[in-house]
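Below: one structure, written as C-alpha cells.
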Amino acid sequence: MGAGTSPADPAPAGRAAADEPREPGERDGRDGSTGPGPVAHAEDAKDAKGADDAPDTGKDGAAADGRPRRSRRFPRFTRDTARPEGGGRAASGDAPAPARQWPLLTVLCAAGLGLLVVVLDPFDQAFRVGTILIGGALIAGAVLRWVVPSVGMLAVRSRFTDLVTYGLMGTLIVLLALVAQPAPWLDVPILEDAVRFTIR
C-alpha cells in the first residue's frame, strides 16, 4: 500500500494483477502464460542460469529464506574516493612513509615552528615573526602544489583550488602580521584612514 492510500481505495489494475498470487508454473513464465514474472536482480539479468534459483520475495522485500534483498541505496560508509589531481606519492613506493609525504610534512613543520615561536615568545616581536612563519608555510604549500607534480596528501582538491586556497590564506596571514599594531612593519595609509573613520 503506497503513501496516501487507504485499504478502501480501489487498487490500480496493473498493481492488482501483480499482487494476485500465481500458480507455481505461472511464476517464471515457462508455461507460455502472458502473466509477468517477478523482477529479476542484476545478476539474474547477466546470468540466465541463475534466474531459476532467484529467491521469492514477499511484500516487505525480504527473501523467503530470511535473507534481505539487495538495496539500491548508496552505502552508509564511503569505501573509495577519487584521488585529487597530483595526489600521488611524492617519492617512490620503496621510500619510507615520511619521504613519500615530504611536501605535507614541510608545510606542517614550518607552521608548527611558527606556532611554537608565538606561544613561547622568546624574543621581542616573536608574535609577528611566528605569524609570518605560519603564513609563509601556507605560501610554500601553494608553491609546492604548483611546482611538484605529485605532492601526496598536500593535494586536497584540484590544483587550481589548492593554489588559490593556500596562496590567499598565506598572503592574508603575512599581511596581517606586517600591519599588526603596535609599531607595524608595513605602513598602509588606507588602513589607517579606515581605522580612524571606523573609530570616529
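The values are calculated or read from the model by the stated rules, or taken from the named source; none is laboratory data. As the structure is a computational prediction, the values presented were derived from the model and not from experiment. Note that we place each Cβ from the backbone using ideal geometry, even for glycine, and neighbour counts take in every protein chain shown. Accessible surface areas use protein heavy atoms only, side chains included; no ligands, DNA or RNA. Shrake-Rupley method; radii C 1.70, N 1.55, O 1.52, S 1.80 Å.
Please work out the FRET efficiency for the pair LEU172 and ARG79, using the Cβ-Cβ distance as r and a Förster radius of 30 Å; give the result to the nearest 0.05.
Details: r = 37 Å, r/R0 = 1.24.
The value I calculate is 0.20.
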| message | Around ARG159, under 11 Å between beta carbons, what's the net of Lys plus Arg minus Asp minus Glu among the other residues? | response | 0
| said: Using the Karplus curve 6.51 cos²θ - 1.76 cosθ + 1.60 with θ = phi - 60°, what ³J(HN,Hα) values do you get for each residue of segment 146-155, in whole Hz, with x for Gly and Pro? | reply: 7, 8, 7, x, 10, 10, x, 6, 5, 7
| query | Which value in nm describes the separation of the simple spin-label points at MET153 and LEU108, placed 7 Å from the Cα toward the beta carbon? | reply | 0.5 nm
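Leaving ligands, DNA and RNA out of it, report the carbon-plus-sulfur percent of the accessible area of segment 109-200 at a 1.4 Å probe.
Details: 4570 of 6010 Å².
After summing per-atom areas, the C and S share lands at 76 percent.
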